Each structure stands twice: as structure tokens, then as C-alpha cells.
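The values are calculated or read from the model by the stated rules, or taken from the named source; none is laboratory data. Just so we're clear, the structure is a prediction, and the values are computed from it rather than from any experiment. Cβ coordinates were reconstructed from backbone atoms using ideal geometry, including for glycine residues, and neighbour counts include every protein chain displayed.
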Amino acid sequence: KTLLHTIYPDFQLGVAINNSSYFESSSEYNSLLKHFNSFVFENSMKMDAMQPSEGEFNFNNAKKMIKFAKDNDSVVRGHTLLWHSQYPYWFFTDKSGKKVDKDTLLKRIETHIKTIAGELKGDINTWDVVNEVLAENGTLRESQYYDIIGSDEYIEMAFRWARESDPKAKLFINDYGISRKGPKQDGLYNLVKSMLDRGVPIDGVGFQTHINLNYPSVEDIRKSIKRFAALGLDVQITELDISVYKSDNEPKKEITEEILLEQAYRYKSLFDMFKEEAALGNLSNVTIWGLTDDKSWLNDFPVKGRENAPLFFDGNLKEKTVYTALVNPEELN
Ligand code: G3I
């Protein structure tokens, strides 16, 4: 059987894993992992998982993934050093529950980043240093970081501390809704450009790319990749999935063969473009946000009770039409 990553030698093909037991050879998921040569945790390397209480770090899952990746000639993406969601309960407050001051928060950020990036030094190909720091209008998101720190200083320092801790890891800023032109993409562009001008060590931009059957278009995504590549930055597609719906709020419908075929064609045209951009040196990694449809975060979201099927494999671990589209497209005609 053709392994998917062998069709795309110009970029790493990754998948998000939601349970480290997948790496055990006894796991039913284990053989599917061979299609990929890059791995990221869907949740297990987020802030709450890595430092559940202050000063108590948990590296078990990260180290299992690193070992699996090494044994299988693959790489690991670290997701994510900082985020406004899935943070440990203590991070922004003191013991009495009061908001901490700027210096305390910066110190906590420094310790979090230096401990984790330092411990895993040399074993992480790319770090999402910060995740989703922008608001829809392109200004900085009004998160607890922003509320307490009051500027983009924490972003700049996060990148500097990450670089200091692991000089070889690529350092990325990751966000959604940025793969077509608009205020959010413009805001990101201005932010990374000013970071580059100030000598902040940033290597690339992660496009999450949670998309649907209709938009954004492949050409919009291509233009967006080129826009950031023109700044000398690397681009990675970090959380790709294609919902079988035509809009985020389309009501529940039957997921027919015809819809899965449409999805397969959309994946195929997207991957043709990725191949071209990777060959130009603009794109280094494409990661699918989950292995099997039944476990996708898009089931029940954002429409309650609505099933989705956005990934490469179904709940029976069988490859879907998208596999044929990528491996033997002529068979679809
Ligand atoms: O761990 C608890 C478990 O103990 C409990 O029994 C269960 C009951 O609901 O919940 C479990 O936690 C869930 C966690 O996933 C692990 O499965 C959370 O409720 C759930 O909210 C969480 O969702 C994750 C989401 O991030 C949280 O924001 C998704 O799996 C994950 O796919 C999603 O990933 C994000 C990226 O990190 C950033 N970009 C957007 C993307 C999709 O939202």
C-alpha cells in the first residue's frame, strides 16, 4: 500500500494524535501512522498538560512521541508553548485568586517556555510558540496575557526565550482564519514584519486551515502562503481538516459518497498546490488535525448533534475517497 508521505517528498506530512497509546505497536491505530512523517499532539503538549500546577512539569507524553518519531524517521511539532485556552488554572492568578501583575506573569511565561523547550531541546522540529494571539480585526486578541501585559511584549519575549532554550527548533506563530486576505491576515502580516524588523527570532507562520467544502479557495490559500514566504518566512499548514459542510453553520445532513468525493477532489487540488509551493521552498509541513473522523473535534462543533467527516480515515480505520484521490487520482474518473 502506498504510504501518503512518500507522494509528497517536498514537505513533511503530519497528523495530530489525541492519545499516546497510538504509538504502541499493539494499538489498532499504529499502522495508520506510517502514512505520516510528522506528529503533533492534539492536546497533550498544551500548557495545562505540561505544567498542571506551578513548577510541576509532565514530559511523559512528549517523550513518547519523540521516541516514536525517532524510531520512524519522523519529526515532532510542539503545540503549543502559549495559548489563551487550555492553560493551567493557576497561571494568571495568585493564591488568593487575584490577577497577577505584569512581572509575575512574564516570569511564569519565561519559566514555562525555558523549562519545556529546554528539556526537549533538539527533539522538536517546530514549536508553535504562540497560538491565536490575534483578534478577527487584526489587532492583538484581548486575552489574559494582553490584559495583564498590555502590549505585544510577551510575544516578543516568548520567541526570544524559546530561541535561547532550543536554538535549532523552528519558531512559529500559529493562527486560524489567516489563509485568505482580510484584516486578520493583514494584522498578522504587520505583526510578523515588525518582529522581523526588531530582530525577534521568528521562523515561520502556521496556518491552521480548518476549512470547509466551499472556502477559502485553493488560490486564496496559495496567495496567502506566498505573501508570508515573501518576507523570508517558512509556512506550515498546521491543523488541516476539510469539513463536509459548505459553511460552518450548515445544518446536519447525510454524508453521502458524493460529498466524500467532492471532499476528495478538494483535498487533491489543495495538495497539488502544496506540492508546488513546497518545491518553491515556501512550505515545509502539512499536518492533518486528527487521524480518524469519529474522533475529530468537528463532530458536534459548532453545530450540536452534527456529525462530520473531515479527515483521511473513517471510524473503522479505513482510508476514505481522499486517499484514492491523492494516491491514484485516475481511479476517480
Ligand atoms: O480531558 C477531558 C476529559 O477528562 C473529559 O472527560 C472530557 C469530557 O468532555 O473532556 C476532556 O477534555 C477535552 C479535550 O479536548 C481532550 O479531549 C475538552 O473538553 C475539549 O474542549 C478539548 O478540545 C480540544 C480543543 O482544542 C480545546 O480548545 C480539541 O480536542 C482540539 O482538537 C482543539 O484543537 C485546537 C488547537 O489546539 C488550536 N486550533 C484550533 C483547534 C480546534 O479547536
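Key figures
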read-out: Per-region count, the stretch 232-254, residues more than 16 Å from the ligand (Cβ to nearest atom), out of contact with any helix residue (DSSP H, G or I) (no Cβ under 6 Å at 6 or more places or on another chain) and not polar (S, T, N, Q); value: 9
read-out: Hits in the stretch 42-73 - residues which are acidic (Asp, Glu) and either more than 14 Å from the ligand (Cβ to nearest atom) or in a helix (DSSP H, G or I) (or both); value: Asp48, Glu54, Glu56, Asp71, Asp73
read-out: Checklist (1) more than 16 Å from the ligand (Cβ to nearest atom); (2) surrounded by 23 or more Cβ atoms within 10 Å (Cβ to Cβ) applied to Ile173, failing item; value: (1)
read-out: Subset of the stretch 69-112 [modelled with pLDDT of 95 or more, of a type in the set (D, E, K, R) and over 30 Å from Leu32 (Cα atoms)]; value: Asp94, Lys98, Lys99, Asp101, Lys102, Asp103, Lys107, Arg108, Glu110
read-out: Residue ID - farthest from Asn174 (Cα to Cα), chosen from residues in the stretch 24-41 that are in contact with a helix residue (DSSP H, G or I) (Cβ under 7 Å, 6 or more places away or on another chain) and within 16 Å of the ligand (Cβ to nearest atom); value: Tyr29
read-out: Residue count for the stretch 1-51, restricted to those that are buried (at least 19 other Cβ atoms within 10 Å of the Cβ), within 30 Å of Ile109 (Cα to Cα) and either more than 20 Å from the chain's Cα centre (by Cα) or not hydroxyl-bearing (Ser, Thr, Tyr) (or both); value: 14
read-out: Qualifying residue in the stretch 288-298 (condition: at pLDDT 95 or above, assigned to a loop (DSSP other than H, G, I, E, B) and surrounded by fewer than 16 Cβ atoms within 10 Å (Cβ to Cβ)); value: no
read-out: Segments classed as helices (runs of 4 or more DSSP H), wholly inside the stretch 112-214, with at least 1 members that are in contact with a helix residue (DSSP H, G or I) (Cβ under 6 Å, 6 or more places away or on another chain) and among the aliphatic types (A, V, I, L, M); value: 144-149, 153-165
read-out: Residue pairs meeting the criteria (Cβ under 7 Å; at least 6 apart or on separate chains; first among the small types (Gly, Ala, Ser), in the stretch 292-310; second assigned to a loop (DSSP other than H, G, I, E, B)); value: Ser296/Gly290; Ser296/Asn308; Ser296/Pro310; Ser296/Leu311; Gly305/Lys252; Ala309/Val244; Ala309/Ile255
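Listed here are the residues, each with its yes/no results for (1) outside any loop (DSSP other than H, G, I, E, B); (2) at pLDDT below 95; (3) surrounded by 21 or more Cβ atoms within 10 Å (Cβ to Cβ).
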site: Lys246; (1), (2), (3): no, no, no
site: Asn249; (1), (2), (3): no, yes, no
site: Glu254; (1), (2), (3): no, no, no
site: Leu261; (1), (2), (3): yes, no, no
site: Arg266; (1), (2), (3): yes, no, no
site: Ser269; (1), (2), (3): yes, no, no
site: Met273; (1), (2), (3): yes, no, no
site: Gly281; (1), (2), (3): no, no, no
